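Here is the structure we will look at, set down as structure tokens.
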Amino acid sequence: MWTIKIPGEPTPKGRPRVYRGRAVTPQKTRMYEARVAAAARVADLPRFDREEALEVSITGVWPRPRRLCRVRDPDDRIPKTTRPDGDNLAKAVLDGLGAHFDDAQVVRLTVAKFYADRIEEPGVNVDVGFAE
């Protein structure tokens with residue numbers, strides 16, 4: 001099992017814009033995918049063979065909004081039920097990891113979204129392992 005930590009606020013995959021018949025991925029998405037790739041290199045994520053089935057778990061942690069910082073609010077993580085969608089976060093992360101494996105190799109994918117606990121920094125935790 002390999003663990004990758006991507007610091008900073010999670011960024012979902014943006015919709016491509018079409019200019020003169022050519023689809024262009026938004027710059028914010030390209031920059032985030034590059035940050036994911038850099039974090040994978042730092043974590044020494046190997047390149048996987050095309051035949052290997054993989055299991056990926058993605059946990060996105062967003063900054064806690066002020067409305068959830070009251071004394072009566074829990075200190076732990078709070079489930080995030082608002083946008084962005086979890087599948088768009090998964091698309092951005094898996095595309096950023098494209099140099100290490102093809103996202104078609106992923107046979108089990110788990111995505112979770114939370115607001116940070118009171119002292120936690122925002123970011124994304126990715127666990128990659130062989131599927132059983």
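The values are calculated or read from the model by the stated rules, or taken from the named source; none is laboratory data. On a predicted model such as this, the values are computed, not experimentally measured, just so you know. As a convention, Cβ positions derive from the backbone with ideal geometry for all residues, glycine included, and neighbour counts pool all protein chains shown.
A single entry from THR81, THR29 fulfils the requirement of being outside any loop (DSSP other than H, G, I, E, B), touching a Lys or Arg at 6+ places or on another chain (Cβ under 9 Å) and at pLDDT 95 or above: THR29. Among residues of segment 1-12 that are over 15 Å from VAL56 (Cβ atoms), those with a Cβ under 7 angstrom from a residue that is among the hydroxyl-bearing types (Ser, Thr, Tyr), sequence gap 6+ or separate chain, pair up as THR11/THR29; THR11/TYR32. For ILE58, the criteria (1) within 11 Å of the chain's Cα centre (by Cα); (2) exposed (fewer than 11 other Cβ atoms within 10 Å of the Cβ); (3) within 16 Å of GLY129 (Cα to Cα) hold in every case but one, which is (2). Taken over segment 101-132, residues that are of a type in the set (A, V, I, L, M), surrounded by 14 or more Cβ atoms within 10 Å (Cβ to Cβ) and assigned to a strand (DSSP E or B) amount to 7. Among residues of segment 66-78 being in a loop (DSSP other than H, G, I, E, B) and at pLDDT below 95, the one that is surrounded by the most Cβ atoms within 10 Å (Cβ to Cβ) is ASP73.
Scanning segment 100-125 for residues that are more than 15 Å from PRO79 (Cα to Cα), in contact (Cβ under 8 Å) with a residue 12 or more places away in the chain and of a type in the set (A, V, I, L, M, F, W, C) yields PHE101, VAL106, VAL107, LEU109. Somewhere in segment 10-28, is a residue among the hydrophobic types (A, V, I, L, M, F, W, C) and under 19 Å from ALA90 (Cβ atoms)? No, segment 10-28 contains no residue that is among the hydrophobic types (A, V, I, L, M, F, W, C) and under 19 Å from ALA90 (Cβ atoms). The set of residues in segment 115-132 that are among the hydrophobic types (A, V, I, L, M, F, W, C) and within 16 Å of GLY86 (Cβ to Cβ) comprises VAL124, VAL126.
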